[in-house]
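To start, the structure under review is shown below, and the notes come after it.
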Amino acid sequence: LVKWTVNNVENYFKKRNLEDVAIVMKNHNINGLVLSSMNEDDTDKLDIVNFRLKVLLRDELAKLPKATINLDSSADEYVPKQFICPITQEIMSNPVLARDGHMYEQ
């Protein structure tokens, strides 16, 4: 699920006869990682005005496995490389731009 592309997410909802939800997902560039981390509150941020569709989306979200980020194993699978310090190889919490044009952890 976390490796799904935007098109995979779109097709997932199309196969469940949720064409309108599929369009919203595509318009918001929702990929599998984003989808798997969504909760009910996130559905309110989408452009779904039809209450029935919003309920159907929430039901589908409840069925999906949730993304868990395990930083000890394959962190680069979940974290973009630009967020990883090239020196410490850890996620930067306080990145700074050095004179060489690269970002490093302060």
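Evaluating residue 2 against the criteria (1) assigned to a helix (DSSP H, G or I); (2) open to solvent by 20 Å² or more (accessible area, probe 1.4 Å); (3) among the aliphatic types (A, V, I, L, M) leaves one unmet condition, (1).
Residue 99 - would you say it is modelled with pLDDT of 80 or more, open to solvent by 90 Å² or more (accessible area, probe 1.4 Å), farther than 21 Å from residue 6 by Cα and in a loop (DSSP other than H, G, I, E, B)? In short, yes. Are any residues in the stretch 62-81 of a type in the set (A, V, I, L, M), assigned to a helix (DSSP H, G or I) and either surrounded by 17 or more Cβ atoms within 10 Å (Cβ to Cβ) or at pLDDT below 80 (or both), and if so, which ones? Across the stretch 62-81, the qualifying residue is only 75. The set of residues in the stretch 27-61 that are open to solvent by 60 Å² or more (accessible area, probe 1.4 Å), touching a residue at least 24 places away in the same chain (Cβ under 8 Å) and in a loop (DSSP other than H, G, I, E, B) contains only 50.
The values are calculated or read from the model by the stated rules, or taken from the named source; none is laboratory data. What you see is a predicted model; the values in this text were computed from it and never measured. When we count neighbours, we look across all protein chains shown, and the Cβ atoms used for this are built from the backbone with ideal geometry, even at glycine. Side chains are part of the model used for accessible areas, which takes the heavy atoms of the whole protein and leaves out ligands, DNA and RNA. Shrake-Rupley method; radii C 1.70, N 1.55, O 1.52, S 1.80 Å.
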